[in-house]
Amino acid sequence: MTGLATASFLAFGTLLVLFGANATEIIASLGLDYADFGLLGSMLSLGLGVGIIVAGPIADRLPRRPLFIASCVVVIAGTTTLGPQTTYQALMIHMIAIGLGAGFYETVLNVIIIEEFADAAGRRLLFIHSGAPFAACVAPLLIESVRANFELDWYVTFRWAGILHVPLIAAACFNSMQITSKRTTSHPLAVDHGRGTHSETRAKNRPVLAAICVATFAYVGVESALTIFVVDYTVTDLELGATRAAGTISAFWGGLLVGRLASGLSPRSPGAGATAVSAFLASSLVAGFGLGLFSVPEFAMATTGLVLGGVFPVMIGLAGQALPASPATAVGLAGGLGSLGGFLVPWFTGRFASTVGLPLAITSLSGWLLLLLAAAMTAHFRQRS
C-alpha cells in the first residue's frame with residue numbers, strides 16, 4: 001500500500017506544477033493577464049477542494065479501491081482531452097475536473113495510511129507525501145529541457161501527466177486497499193482517558209481541528225501562489241531566462257522534498273509547534289524574495305521549501321487524529337480548507353499583481369504565512385491544554 005500511495009503522490013506532484021512550468025506559454029497562447037491567469041490556476045485548487053471534501057465522508061463508508069480507480073479516470077479524462085482548440089473557459093472546466101479527481105484520490109490514500117499506521121501515520125505521511133515535491137521538483141526541469149530542444153505545446157505536458165495515472169489504476173487492481181492493521185491510536189487528541197463522553201471529547205477537539213484547517217488554508221494558498229507565479233516573476237521581473245525560472249520553481253519543490261524527508265527522519269515527531277517556527281522563517285524568506293533581497297532566487301525558494309517541508313503532512317495527520325471516529329471526514333475538512341486557500345490566495349495574488357505588480361504581490365504572501373503561524377500556535381496550545 002505504501003508503494004502505491006507514494007507512486008500516486010508522484011503523479012499528484014506533477015499535476016501541481018504544470019501551470020507554473022507552462023506559465024509563459026499559457027499566458028501568451030490564451031492572451032491572459034495576471035488576474036486571469038491566477039484565476040485559471042485557482043481552478044485546479046477549487047477542484048482539489050471539492051474532491052477532498054466530497055471524498056472524506058464517502059471514503060468513510062464505501063470501498064476505497066473503486067473510488068481510487070474512478071478518481072484516476074477523471075484525471076485522465078481531464079488532461080488527455082486538452083488540445084490547441086481549448087479555450088480559456090474550457091480550460092477552467094478541465095482544471096476543476098483534474099483537481100476533483102486528484103483531490104479525491106489524495107484523500108482516499110491519506111485516510112488509508114492514517115487508519116493503517118495509527119500513531120505512526122504522521123511520520124509515514126511525511127515520507128509518502130515526499131513523492132509530490134520530488135515530482136514537482138523534477139517536472140519543470142524536464143519540461144524545460146524538452147522545450148529547449150523540441151517544439152513542445154503546453155497541453156502536451158498535461159497529457160503526459162494524465163497518462164501517468166494509467167499504471168496507478170493497474171496497480172490498484174492488485175491491491176485490496178483495505179486496512180490490515182488492528183492498531184488503535186493513543187494520540188492525546190484521540191483518547192478520552194475516562195474523563196468524559198465521546199461527544200465531549202469530540203467537542204474539545206473541534207477547536208484544534210478548526211485551527212488546523214486555518215493552517216492548511218494558509219499553507220496551501222502560499223504553496224499554490226508561489227508555484228503559479230514564481231516562473232513568470234523570475235522571467236519578467238528578475239529577467240533571468242527560462243532555464244533559471246525552471247530552476248527556481250524546482251528549487252522550491254526540492255526544498256519541500258528535503259524538508260519533508262528531514263521531518264520524517266527526525267527523532268522527535270514534528271507537531272504544530274514546529275509548524276509555527278517554520279511559518280515564521282518562511283514568512284521572512286518570502287518577503288525578502290519578493291523585495292529582491294536575494295541575488296540567487298533559487299536559494300531563496302529552496303530555503304523556503306526546506307522550512308515548510310513538513311507542514312502539510314503533519315497538519316493532515318493531526319487532523320485525522322483529532323476526530324478518530326471519522327478520520328476521513330476530518331482529513332477531508334483540513335484538505336478541503338487547504339484547497340480553498342489554494343483557490344483564493346492565488347486569485348487574490350493575481351488581482352493584486354495586476355494592480356501593483358508581481359514583486360509586491362509575491363511579498364504579500366508573507367502575510368498568509370503569518371496567519372499560518374498564528375493558527376499553528378493556537379493548535380499547539382490547544383493540544384497541550
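Bear in mind these aren't lab numbers, they're just calculated from the coordinates by the rules spelled out. Since the model is a prediction, treat every value here as computed from it, not as a measurement. For neighbour counting, all protein chains shown are included, and Cβ atoms are generated from backbone atoms with ideal geometry for every residue, glycine included.
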### Query
Among Ala302, Ala77, Ala225, which one shows the biggest mean-square fluctuation in a GNM of the chain, springs joining Cα atoms closer than 10 Å?
Ala77
### Between 0 and 90°, nearest 10: helix 198-232 axis offset from the chain longest Cα axis
10
### Query
Going toward the positive end of the dipole of the chain, with +1 on Lys and Arg Cβ and -1 on Asp and Glu Cβ, which of Val235, Val156, Tyr219 do you reach last?
Tyr219
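Show me 237-244, 102-109 ranked by packing, highest mean number of other Cβ atoms within 10 Å first.
Values: 237-244: 14.5, 102-109: 28.0.
Answer by packing, highest mean first, reads 102-109, 237-244.
Residue separation times 0.36 nm, minus the C-alpha to C-alpha distance between Val166 and Leu360: what's the value? Could the numbers behind the result be given before it?
Numbers: separation 194, 0.36 × 194 = 69.84 nm, distance 4.11 nm.
Taking Val166 through Leu360 to full extension adds about 65.7 nm, to one decimal.
Would you mind ranking Ile58, Ile113, Ile212 by Cβ crowding within 10 Å, fewest neighbours first? Before the final figure, lay out the partial values.
Numbers: Ile58 16, Ile113 25, Ile212 31.
Sorted ascending by nearby Cβ count, the order is Ile58, Ile113, Ile212.
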### Task
Place the peptides 132-139, 337-344 in order of packing, highest mean first, counting for every residue the other Cβ atoms within 10 Å and averaging per peptide.
337-344, 132-139
## Note on the structure
Karplus-derived 3J(HN,Hα) from phi for region 351-360 (6.51 cos²θ - 1.76 cosθ + 1.60, θ = phi - 60°), whole Hz, x at Gly and Pro, runs 5, 5, 5, 5, 9, 10, x, 5, x, 5
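What net charge is computed for the residues neighbouring Ile112, neighbours being all others with C-beta under 13 Å from the C-beta of Ile112, Lys and Arg scored +1, Asp and Glu -1?
Details: positive: Arg64, Arg65, Arg124; negative: Asp60, Glu106, Glu115, Glu116.
My count for the surroundings of Ile112 gives -1.
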#### Entry: Helix 64-80 axis, angle to the chain major axis (alpha carbon atoms, nearest 10°)
10
### Task
Please report the Cα spread of the chain along all three principal axes, rounded to whole Å, starting with the longest.
63, 45, 34
## Note on the structure
If one builds a Gaussian network model of the chain from Cα atoms under 10 Å apart, the most fluctuating residue listed among Ala319, Ala59, Ala148 is Ala148
#### Entry: Listed residues Gly259, Gly367, Gly320, most fluctuating in the chain (Gaussian network, C-alpha, under 10 Å)
Gly367
#### Entry: Note, ³J(HN,Hα) from phi for region 290-306, Karplus 6.51, -1.76, 1.60, rounded to Hz, x at Gly and Pro
x, 7, x, 7, 10, 6, 10, x, 4, 5, 4, 6, 5, 5, 4, x, 4
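Highest mean first, what order results for 9-15, 86-92, 280-286 on Cβ atoms within 10 Å?
By packing density, highest mean first, the sequence is 9-15, 280-286, 86-92.
Could you work out [θ]222 nm for the chain from helices alone, using -39500 (n - 2.57) per DSSP H run of at least four and dividing by all its residues? Round to the nearest 500 deg cm²/dmol.
On the way: 16 runs with 306 residues, N = 385.
Dividing the helical sum by the residues of the chain leaves -27000 deg cm²/dmol.
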